[in-house]
Amino acid sequence: MPELPDYSDVVAATGRIAGHANKTPVLTSRTADAEIGGQVFFKCENFQRMGAFKFRGAMNALMRFTPEQRNDGVVTFSSGNHAQAIALAAHQLGMPATIVMPEDAPEAKVAATRGYGGKVVRFNRYTENREEICAALAEKHGLTMIPPYDHPDVISGQGTAVKELIEETGPLDALFVCLGGGGLLSGSLLAAKALSPDCQTYGVEPEAGDDALQSLRAGKIIHIDTPKTIADGAQTQHLGHYTFEIIRRDVTDILTVSDNELVACMRFYAERMKMIVEPTGCLSFAAVRKMKAQLKGKRIGVIVSGGNVDLAKLSGYFAAT
Ligand SMILES: *Cc1c(COP(=O)(O)O)cnc(C)c1O
């Protein structure tokens, strides 16, 4: 396996994506501070371009393409935020992008990806293998494949959010990061270790899909079936090779939260902070609420990872609780 990225790669990524990615706001809430008994800093990547931190990693990866790679374009597989991130970043750079998406992906997501200029190739997720389809397209048209999390340039791009956060707040005692395949958590760990070495950093995944927790305990990557959870950005079946190595080396622990706890957080963000956060983006603060007894008087960073949720769905979640 090639070398793992380090903090110098996060610094380089910051320079590359400056002027393309938003420097997102860090918000505070007296209600949150009172509830937790500490000081909570929310890094709001729901206000990132296309509505999630994934634009950072996508932009960083595409900016490292050679002129030949740019000319032929990028390919990826995703039905979620990574698809839109790659489509938008490629559009900004005038590069063709092909996104492989399941036939039953929500039409809104397909439309958003096309809206950013991406070419969508559909596949049947029950009979076809998306990685094989991607590889065949890459081979046939000379496209470069950028996966959603297990890539050094994606990881270092994602790390720029925590670099911005800690540069703004100063050192933190604890940091909570939403966790799917681990690109965001790995990049966050690289930045946190460098800028706030005593910070305890936690990855938070859905209870129904605790593969990272299992992997950490087992000392190897554990594969699970696609978990049933409303946190669709964290429905990954396993960590990546790069992300697992960084996480197991640097993480304090992995925590899990239930779907009901995510809905309660979505409601908190909407009512108290006047912002829309998607279920996956609620993982981090849901974990803070669960372990608040250990966080009294602490300075706590919370990554709010994204805000892309269908409004009809959102009201459905609220109506059900
Ligand atoms: C992709 C995504 C995650 C998980 O990120 P990983 O790098 O796969 O761990 C969390 N939240 C949102 C909103 C996402 O889009």
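The values are calculated or read from the model by the stated rules, or taken from the named source; none is laboratory data. Keep in mind that this is a model prediction, so the values were computed, not measured. All Cβ positions, glycine included, derive from the backbone under ideal geometry; neighbour counts span all protein chains shown.
So if I check each of Thr229, Thr243, Thr201, which one is in contact with a helix residue (DSSP H, G or I) (Cβ under 6 Å, 6 or more places away or on another chain) and over 30 Å from Asp310 (Cβ atoms)?
Thr201 is the lone residue from the list that is in contact with a helix residue (DSSP H, G or I) (Cβ under 6 Å, 6 or more places away or on another chain) and over 30 Å from Asp310 (Cβ atoms).
Tyr269 passes all but one of (1) out of contact with any strand residue (DSSP E or B) (no Cβ under 8 Å at 6 or more places or on another chain); (2) within 21 Å of Pro25 (Cβ to Cβ); (3) more than 11 Å from the ligand (Cβ to nearest atom); which number fails?
(1)
Does segment 21-34 include one or more residues that are in a helix (DSSP H, G or I), touching a Leu at 6+ places or on another chain (Cβ under 7 Å), without any contact (Cβ under 8 Å) to a residue 60 or more places away in the chain and not charged (D, E, K, R)?
No, every residue in segment 21-34 fails to be in a helix (DSSP H, G or I), touching a Leu at 6+ places or on another chain (Cβ under 7 Å), without any contact (Cβ under 8 Å) to a residue 60 or more places away in the chain and not charged (D, E, K, R).
Could you tell me whether segment 135-142 includes any residue that is within 30 Å of Thr24 (Cβ to Cβ), in contact with a Gly (Cβ under 9 Å, 6 or more places away or on another chain) and not polar (S, T, N, Q)? So that I can check it myself, show each step before the final result.
Quick first cut of segment 135-142, residues within 30 Å of Thr24 (Cβ to Cβ) only: none.
No.
Can you pull out the helices (runs of 4 or more DSSP H) entirely within segment 84-189 that have at least 2 residues that are away from the ligand (no atom under 16 Å from the Cβ) and among the charged types (D, E, K, R)?
In segment 84-189, the matching helices (runs of 4 or more DSSP H) lie at 107-115, 130-141, 160-169.
Taking the options Thr127, Thr113, name whichever one is surrounded by fewer than 17 Cβ atoms within 10 Å (Cβ to Cβ) and modelled with pLDDT under 95.
Criteria check complete, one pass: Thr127.
Just to be sure I understand, how many residues within segment 67-83 are within 13 Å of the ligand (Cβ to nearest atom) and among the charged types (D, E, K, R)?
Result for segment 67-83: 0.
Output the residue which, of all residues in segment 294-321 that are more than 16 Å from the ligand (Cβ to nearest atom), modelled with pLDDT under 90 and not in a helix (DSSP H, G or I), is nearest to Thr169 (Cα to Cα).
Thr321
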